[in-house]
1. List the pairs whose first member sits in region 27-46 and is within 12 Å of K89 (Cβ to Cβ), whose second member is among the aromatic types (F, W, Y) and open to solvent by 30 Å² or more (accessible area, probe 1.4 Å), and whose Cβ atoms are under 9 Å apart, counting only residues at least 6 apart or on separate chains?
2. Starting from region 1-21, take each residue that is open to solvent by less than 30 Å² (accessible area, probe 1.4 Å) and list its partners that are acidic (D, E), counting only C-beta distances under 6 angstrom and pairs at least six apart or across chains.
3. With the checklist (1) modelled with pLDDT of 95 or more; (2) of a type in the set (S, T, N, Q); (3) over 21 Å from N70 (Cα atoms) in hand, flag the one item S244 doesn't pass.
4. Give the residue that is nearest to P99 (Cα to Cα), with candidates limited to residues of region 60-69 that are in contact with a Gly (Cβ under 8 Å, 6 or more places away or on another chain) and open to solvent by 30 Å² or more (accessible area, probe 1.4 Å).
5. Do we have I147 as among the aliphatic types (A, V, I, L, M), surrounded by 21 or more Cβ atoms within 10 Å (Cβ to Cβ), within 22 Å of S56 (Cα to Cα) and touching a residue at least 60 places away in the same chain (Cβ under 8 Å) here?
6. Of all residues in region 242-257, which are buried (at least 24 other Cβ atoms within 10 Å of the Cβ), under 22 Å from G302 (Cα atoms) and touching a helix residue (DSSP H, G or I) at 6+ places or on another chain (Cβ under 8 Å)?
7. All but one of (1) open to solvent by less than 70 Å² (accessible area, probe 1.4 Å); (2) under 30 Å from G52 (Cα atoms); (3) without any contact (Cβ under 8 Å) to a residue 60 or more places away in the chain hold for P287; which doesn't?
8. Go over the candidates A134, A138, A122, A170 one by one and state the one that is touching a residue at least 24 places away in the same chain (Cβ under 8 Å) and out of contact with any Gly (no Cβ under 6 Å at 6 or more places or on another chain).
Amino acid sequence: LPKATVRRSSTHDPVPGTPEEGIKINATVSIDPDEGYLDVDLTDNIDALELGLNVSEACTRSAVLIGVFNSLDPDVPRNDGSFRRVRMKLREGAVVGIPRHPTSCSVATTNVADRITNPIQAAFAEVSATHGLAETGAILPASMAVISGTDPRRNTPFVNQIFLGHTGGAGSPTHDAWLTLLHAGNAGMCYMDSIEVIELAYPIRLYDRRVVPDTEGAGQFNGAPSMVCEYGPAGCKMSVNAVSDGGINRPKGVRGGADGGASRQLRKRADGTLEELPVVISVEIDPDERIVSYTCGGGGYGDPKRRSLAQVAYDVREGLVSRERARSVYGVVINADGSIDEKETARLREAA
């Protein structure tokens, strides 16, 4: 890696109790190849807030390491010797850094922690076209809510967090995103709930779960598309609680890549009308109502006009990308039979 200093930021969507613009996290990454150190400075961030989105010191340090090691070659060992080459500068009393009692850090492992990881891996991408990642999708949409109520089949209470749908993977210098990444800290290790098993375990019905076309972070290597899930209670009322992010501040692309799809959550009334829900939701759903949840996609890496023609044609064939988007975003003209119009494609890409 070359000697460099890069400053990047990533912003958590505003919720009650945060600044109007949300929680902006600034990270300065300095690379010193001569001394063999990476320095990450997180001191230029706002003070801790009076809500649970603050990040504990352990999670701050972990989020930094995730961003660094996501960005390096996989043959770099993840061990104490490598960790010692990463130096962190943190500030007491900040929203990320070193909190002091009685600061609440109740969701320190996810929401704002990802807003530490994302600018770090994006900074590496800015330094080198062979390192780093785009931003991964934000966490905890309504498809990953905590649900609770009384199961009418047994007349017993239930409560659990569901994992009905998530995508969020970021484009890399060499590959498309891992589709079901979940979020930066989890890095693809979480499975999605089996529809059959969760419907047996809880009074819940899943009506729809699918990838949403044209929501990918377009790039030479694509970020993941969004996913939509529609679910509701079966024969009872159900409380649904989620701390979502990424509806306003979508996952950013890097090196010319486009941003990924935004998150969104809605209540579907009995008559089919849709009611937009806020970022943080705590709602009770009636037996004839449903939740519709869109997850974040992931940012793209590199110029979409440099994406492989064969890969664009495959994406169209698979229903991930429309023919219109293939033309306007990737500069690839796909005929009705799925073949590539190479002459028109060459003209579009040359014009770009």
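The values are calculated or read from the model by the stated rules, or taken from the named source; none is laboratory data. This structure is a prediction, so every number in the text was calculated from the model and none was measured. Ideal geometry is used to build each Cβ from the backbone, glycine not excepted, and the neighbour counts take in all protein chains shown. Keep in mind that these areas ignore ligands, DNA and RNA; they rest on the heavy atoms of the full protein, side chains included. Shrake-Rupley method; radii C 1.70, N 1.55, O 1.52, S 1.80 Å.
1. Taking only residues 6 or more apart or on different chains, the pairs are S30/Y37.
2. From region 1-21, the pairs are V6/E126; H12/D245; D13/D245.
3. Failed condition: (1).
4. Narrowing region 60-69 to residues in contact with a Gly (Cβ under 8 Å, 6 or more places away or on another chain): 60, 62-63, 66.
Now restrict to residues that are open to solvent by 30 Å² or more (accessible area, probe 1.4 Å): 62, 66.
Details: S62: 15, I66: 20 Å.
Across region 60-69, the extreme among qualifying residues is S62.
5. no
6. P251, K252, V254, G257
7. All conditions pass for P287, except number (2).
8. After ruling out the rest, the residue left standing is A122.
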